[in-house]
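This report refers to the structure that appears directly beneath it.
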Amino acid sequence: MSQPTPEKKTEETPGPKYVAKADGADPFATRLTRELKHDRGILACRYEPSSRFVFAGALDNFVHRWDLSDESETGKREPLEGHESWVRAMCLFPDGKQLATGDYVGRLIAWSDIGGKPSANFSIAAHEGSIRAVSVSPDGKLIATAGNDDMVRVWSADKGEKVLELAGHECHVYNIAFHPNGKALLSADLKGVLKHWEIPTGKHVRDLNASLLYTYSVKYTVDVGGIRGMSFNADGSQLACTGATGVKGIAHSGSARVLLFDWKSGKLTQELKPVKDEIATAWSVRFHPDGFIVASGGSRTGGFLWFWVPEDPDAFHMVKFKQRAPGFDLDLAPDGKTLAVANHDGAVRLYVMEAAPEEPAAKKK
Amino acid sequence: MRLESMSLFLESFHRFHPTPMRFLAQILLALLLTPVSVALAAPPGAEALHDSIDQHIKTAFAKWKVSAAETCTDAEFIRRVSLDLTGVVPDAKTTRAFLSDPSADKRVKLTDRLLNSAAYAEHMAISFDVFLMQRRPDKYVTTDEWRAYLQTSFAANKPLDKLVGEILVADGVDPTLRPAAKFFLDRAVDKDTLVRDIGRLLLGVDLQCAQCHDHPDIDQYLHRHYHGLSVFVAGSKTFRQPDGKTVLQEMVTREVEFASVFEPDKTKTTGPRLLEVLMTVPAVEPGEEYVEKPSRTVRAVPKFSLRELLATKLVSNQTPEFAHNMANRLWAKMLGRGLVHPLEMHHVGNPPSHPELLERLAKQLVETKYDVRAFLREIVLSKAYQRSSQTPAGVDPNTIPAESFAVANMKGLSPEQLFHSLLQVTGSEKMFIQQIEATLQEDEATYKELSADKEKLAKGRSDQRALRIKEFITLFGSPLGKAEGEFQASLPQVLFLANNPAVFGWVQPGSGNLTEQLAVLKDDSQVAENAFLAVLSRFPNDDEVKLFREHLALGKDNRQAAVTELVWSLIASAEFRLNH
Amino acid sequence: MNRDPYCGSDAHLVSRRSMLSNMLTGAAGVGLVGRLIHPSVAKEIEAKKKQVLIFLLNGGLSQFESFDPKPKTDTGGPFRSIPTSVSGTHFCELMPNTAKIAHKLAVVRSMFAEKVPGSHGGARDYVETGRPPQLGPYPLLGPVYSKLLDEAGELPGNIHVAPSRWGPRQDAAFLGPKHASLVLSGGRPPLNVDRPASIEKDSDDARYRLRKIADLRFSQRRRTAHTEAYNSSYDQAQKLIRRKELFDVSQESERERQRYGSHDFGRHCLLARRMLEAGVTCVKVTHNNYDSHMENFNFHLEQLGEFDKPFATLFEDLDERGMLDNTLVVLITEFGRTPAIQPDLGRDHWPPNWSVVLGGCGIQVGGVLGATNANGTEIADRPVHVAEMFHTYMQAVGLDPTATHDIGGNKIPVGAPERGAVKELLS
């Protein structure tokens, strides 16, 4: 086992604390266990269900597959060719055997046999300009993409044939996710508009409002914001959207936020804030099955993990990375204990939410 | 006046008597002291400055083959001297009284009244602020504090060398003298900016081009002058006190190295120099240079301060350039053009138009211990100052060079002069206050908050006033970092005077202002007279009265509009816009 | 200073617009002096009058995301490069329309300056004056052209179509407020160009008439320099007020407005064309904002998305109207952006090398001058200093940058005396 590195603990937070479930993840015990290093910043990371592999997109033109079973600290990395620009859009198929990725110049690739010898099943020009996000339907039959051409498109997962062309967004579409029930598709744009589309018809059902995550900078005459991270909880009753609010133009990030929505009503139920209102963007979020919410983010001032319970807007815990690099993406390992974080400084870092076995359990705050 | 004549006397005495005798003489004179008029003050044999001025100017007429214009009218005089000494045109009442005063010495009396007024000190504070800080934005010392300090100094007629010395030596620690540190602090103690500004503002030499090499065009401005001056300021740095205030500290410096960009390998060094004069600095034991060593918690204080040396030497007789520069600048302020022109280019290749006169002026300053009031008074009393800006009939004014001072040079009104004069002549102070209030009330929520707190409301109002003045400064002032220069007209200036709603509001009838008062007068001649006296500080001539009558007759259906048009035509005229 | 050698006589004081289309003066070739000009002479004048169009991309345009792309490198970012109309030359894919007119442009990829201030204002002054701002205030390009190139006709010598929050500025330094840019904040008409709502036109006319009479009287037997300048500023103001529809871009056809786009920059470009057609000597259009310390790629996407088409449209429109031969076009920014991509996916300020683009009058187009290395971290060939570019901007329109401004007896060189123009750029 690699040397455990206790992460910096932070100050007290008010409100109800989180109590780790028996044998569950303990956010307060979060510690760095492994660094998968690369010479370019990492934009996205995904666990593959066996936990042997982590897939990542970086500031280069590859999809990287790290083999964690490799003994070396930094793991064995294999770059997969096929893309022509950076990859941030990434989604596993539900069967865990395929992966859909999208790049900054609009190419969508579906990879098969990702646990063995990955190869491109199909590769298509899906959008004019960047694909910002990709989602695979729960039944594994559809792939949805969102892009800079303001469009949402749905493709057949096996052949990459266009199934739906969904227009309606009036600006770049930043994120996309199928609802766990497979009957809805949600797309989210730069200005904080979320569009609910009915699957399989593609009918536009309603809009949700996340405009808190968007600001127009008068000084710089530019749009700032967007829904950077988006995730449903397991049963789809809740939705989390991440980004930043009150942005200070284009010289600084704003204040990181995670917005919680009730899916049924479509209403905003909570505005989750970081501990000290750090100047940062929240880039990615996951609902943990134990009931807490974890997000990663940061800015040039630092990189962070934040933890909340949905009832309390203030984070109950915050981990500041040693490296001053934001966590652009976050994924929860199948064991529910490890978080993979994609860092700007060129590493995927694995943080375990559990006290190291040799050491006494970390004091709960 | 008294002080000035006494000191003249004393100075002449001092030339011939050693100190103890002078002391006795001082006591005697003090006992005998009574207010004396100027005519009696000049001791026999010593020519009063204003007479010297006229003598030198007159002698030089032959060089340009010009003859003098007539003396300016009383109306021209009161307007000109009010603007020059108090920064605003005289109000109608004062003008009327002055014009009808039959006394022979009324101009002298007026001059003395103005010189001793609070408005003089305020005007000099503004002038010297703009002169020394060149409209830089505030950084560590507010303009208000700084102007208050200058105003107190001018009200007390602080000797100019003392004032400049204070400004150069202030470290910002002592609260009373802190504003004086603005010169250094608000230039962020930037060495190059300081060297350039000390050179051109205080010594009248623009060493900018000598930063990298000997000045390419001016033989007298040498590379070592630039760097020699920089030694004095190179050690000065800011220091943030525990109470949050930023002050100055000084690291020990003795010399700087420099090399011309044309000969980068030939490095030279220099110690502190004021132009050619190299200062001797006492040697200190290494390790013993400081009273307070530099540290993070205490500001560094050297045993021997170069900035103190600068403050002492620059204003002393060892640096004749200082007196020449100040004399030249004060002359330029009043006469519209320096004897050395441009003001920052004193050098052999750019001689003064009247070299001996400049010497005389500089000497006067030194001998009167830099008594600014006295100096300005002498200038005002001269014929040269009181010349008309109109040439004698038959002479083409464009053939008379400005540097001859045969005809008065016209100056533009500074932004502050324009603002204050416009407000006054239109009688719109009340309306202006209402305008400010209306602006504040535009934001209901903020206004409610302000009204609850007297101090905040007062500040809000004064901020608004400052904003309005700033509009004038942006349009009519000189660019950042440049001295108030010659008159220059521009398109945005005209559009502003013609169409700005607030300014035009002052011209339209309301709140008891001039137009409103004029509009209800039945007698059209009276309208003309009052309008001219208020706006242009003179009586109208017959043609002008006729014009008013005709226009008012034409506009009888809307008298208010007709009067508005007439009033605006006067404030928008060159006669108002210029100091003539 | 070199004035246009043909300009000495009254005959040449005619605005181009009045030559081209008699709309505003009402008669063929009636100019300032009210004389009819023979068409052949008119053509000659037309051919000689030089104009300048400046695009200022405020904030620091990233050379990687525009004219000097480095795709697939560690510094190049996610965007691809696209071929341009010049074989072998590529621009970033964010500028497809500009790429199509590359053969009419000269791209300099090796612009640099030393001691560039970190502040945008200071750095902007540097590129627009050719002097480091530490030397003190120098006049910007617009005021310099106003002084040296403009013939003080009906219209202001230089106009700046600026973003909304930008106000008037004393940018003429020692040339004086007469030559300061007329700033159109947010592309709106100049401040105070409309007469106060409370007076009627005849009242307006009356007050100007009365004012003029007063001035005439005052100027008797007095030196005329100040009074003439003052009077002429009123005349100029009245002319401008009469011509204020010039600033009303809604007077252009719907079709034109669509071609240029509905966002601010598009409208500003159309406004610039309108004013250049009317004969304004120098027009500057500033596009806000490129200072992408954060989200460099998103923001350049958005800003260049706005910039690319109107820029190319305006350029082509000038060409189509036969104006390009006599109009210098300059595209500048105050510095480049860092090769290293910062944690906010931004790029910071980068003065060691950046790009500037020229076209039109006096410029040798269709090529690239200078080069940076493979990943854009330094200049590999032919460094070009900011001050050299300033000389070039002067020489391209027939001005002599080695001449001096004569300011109250002080001779101040137009261009920095230790530099010269870039000969490779001049045709």
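The values are calculated or read from the model by the stated rules, or taken from the named source; none is laboratory data. The shown structure was predicted, so the numbers you read here are calculated from the model rather than taken from an experiment. Every residue, glycine among them, receives a Cβ derived from its backbone with ideal geometry; neighbour counts consider all protein chains shown. The accessibility values were calculated without ligands, DNA or RNA, using every heavy atom of the protein model including side chains. Shrake-Rupley method; radii C 1.70, N 1.55, O 1.52, S 1.80 Å.
Table for the structure above
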item: At least 40 Å² accessible surface lost relative to isolated chain, residues of the stretch A:91-106 (1.4 Å probe); result: A:TYR104, A:VAL105
item: Two-site label geometry, B:ASN350 and B:THR152: point separation in nm, points 7 Å out along Cα→Cβ; result: 3.6 nm
item: Kirkwood hydrodynamic radius (C-alpha pairs) into Stokes-Einstein, the stretch C:55-180, 10 °C and 1.306 mPa s, D in µm²/s; result: 93 µm²/s
item: Listed residues C:ARG217, C:ARG257, C:ARG80, most fluctuating in chain C (Gaussian network, C-alpha, under 10 Å); result: C:ARG217
item: Surface accessible to a 1.4 Å probe, B:LEU475 within the full protein complex, Å²; result: 30 Å²
item: Helix B:372-381 vs. chain B, principal-axis angle (Cα, 0 to 90°, nearest 10); result: 50 degrees
item: Pairwise burial C:B, computed as accessible area of each alone minus the pair, summed, 1.4 Å, Å²; result: 4900 Å²
item: Whole-Å semi-axes of the stretch A:168-276's equivalent ellipsoid (Cα gyration tensor); result: 25, 16, 9
item: Given charges at beta-carbon only (K, R positive; D, E negative), |dipole| of the stretch C:276-358 in Debye; result: 220 debye
item: Listed residues B:PHE539, B:PHE61 arranged by accessible area, highest first, probe 1.4 Å; result: B:PHE539, B:PHE61
item: Hz values of 3J(HN,Hα) by residue in the stretch B:271-288 - Karplus curve (6.51, -1.76, 1.60), Gly and Pro given as x; result: x, x, 10, 9, 6, 6, 7, 8, 8, 8, 10, x, 6, 10, 5, x, x, 10
item: At 0.890 mPa s and 25 °C, Stokes diffusion of the stretch C:130-226 via Kirkwood alpha-carbon radius, µm² per second; result: 151 µm²/s
item: Exposure of A:ASP335 as accessible area (Å², to 10), given a probe of 1.4 Å and all protein chains; result: 90 Å²
item: Sorted largest first, extent of the stretch A:270-333 alpha carbons per principal axis (Å); result: 29, 27, 16
item: The protein assembly as shown, accessible surface, carbon-and-sulfur percent (1.4 angstrom probe); result: 53 percent
item: Estimated buried accessible area (total), pair A and C, 1.4 Å, Å² to nearest 100; result: 2700 Å²
item: Heavy-atom surface of the stretch B:412-579, accessible at 1.4 Å and reported per residue (Å²); result: 43 Å²
item: Accessible surface, the stretch C:170-279, averaged per residue in Å² (probe 1.4 Å); result: 43 Å²
item: The stretch A:210-365: Cα Rg divided by the 2.2 N^0.38 Å rule of thumb; result: 1.04
item: Rg and Dmax of the protein assembly as shown, Cα atoms only, in Å; result: 37.0, 116
item: Directionally averaged shadow of chain C, computed from the convex hull of its alpha-carbon atoms, nm²; result: 22.0 nm²
item: Theoretical FRET efficiency, 1/(1+(r/R0)^6), r = Cβ-Cβ of C:GLN220 and C:LYS115, R0 60 Å, to 0.05; result: 0.70
item: Whole-angstrom Cα spans of the stretch C:160-217 along principal axes, big to small; result: 36, 29, 11
item: A:PHE292 long-range amide H proximity, modeled H, under 5 Å; result: none
item: Calculated over chain A: convex hull of Cα atoms, volume per residue (Å³); result: 124 Å³
item: Cα Rg, Dmax (largest Cα-Cα span) when computed across the stretch B:412-579, Å; result: 17.9, 55
item: Whole-number D in µm²/s for the stretch B:100-159 (Stokes-Einstein; Kirkwood sum over Cα pairs; 25 °C, 0.890 mPa s); result: 189 µm²/s
item: Solvent exposure, largest accessible area first (probe 1.4 Å, DNA, RNA and ligands not counted), of A:LEU305, A:LEU164; result: A:LEU164, A:LEU305
item: Range of Cα positions in chain B per principal axis (Å), largest first; result: 89, 69, 57
item: Protein-only accessible surface order, largest first, of B:GLU471, C:GLU128, B:GLU367 at 1.4 Å; result: B:GLU471, B:GLU367, C:GLU128
item: Out-of-range pairs (alpha-carbon distance over 19 Å; input B:LYS162/B:LYS369; B:LYS162/B:LYS237; B:LYS333/C:LYS212; C:LYS72/C:LYS309); result: B:LYS162/B:LYS237; B:LYS333/C:LYS212; C:LYS72/C:LYS309
item: Rg to Rh quotient for the stretch B:213-273, alpha carbon positions, Kirkwood Rh; result: 1.16
item: Convex hull per residue volume in Å³, alpha carbons only, for the stretch B:242-344; result: 196 Å³
item: Contour excess over end-to-end distance, with Cα ends at B:THR142 and B:THR267 and 0.36 nm allotted per residue; result: 40.9 nm
item: Highest-fluctuation residue, A:ASP189, A:ASP345, A:ASP235 considered, GNM on chain A with Cα pairs under 10 Å; result: A:ASP235
item: Area of B:MET133 that stays accessible when all protein chains are in place (1.4 Å probe, Å², to 10); result: 0 Å²
item: Karplus-derived 3J(HN,Hα), 6.51/-1.76/1.60, for each residue of the stretch A:161-177, Hz, glycine and proline x; result: 8, 5, 10, 9, 10, 10, 9, x, 5, 10, 7, 4, 8, 9, 8, 7, 7
item: Per residue accessible area of the stretch B:310-389, 1.4 Å probe, in Å²; result: 30 Å²
item: Cut-off under 5 Å, modelled amide H: who pairs with A:ASP345 long-range; result: A:ILE42
item: Placed amide H near A:TRP283: partners under 5 Å, 5+ positions off or other chain; result: A:SER296, A:GLY297, A:GLY298
item: Mean projected area in nm² (Cα convex hull; one quarter of hull surface) for the stretch B:85-127; result: 3.0 nm²
item: Whole-Å semi-axes of the ellipsoid equivalent to the stretch A:212-291 (Cα gyration tensor, √5λ, descending); result: 25, 13, 9
item: Rg ratio (alpha-carbon, reference 2.2 N^0.38 Å) - the stretch A:298-340; result: 1.27
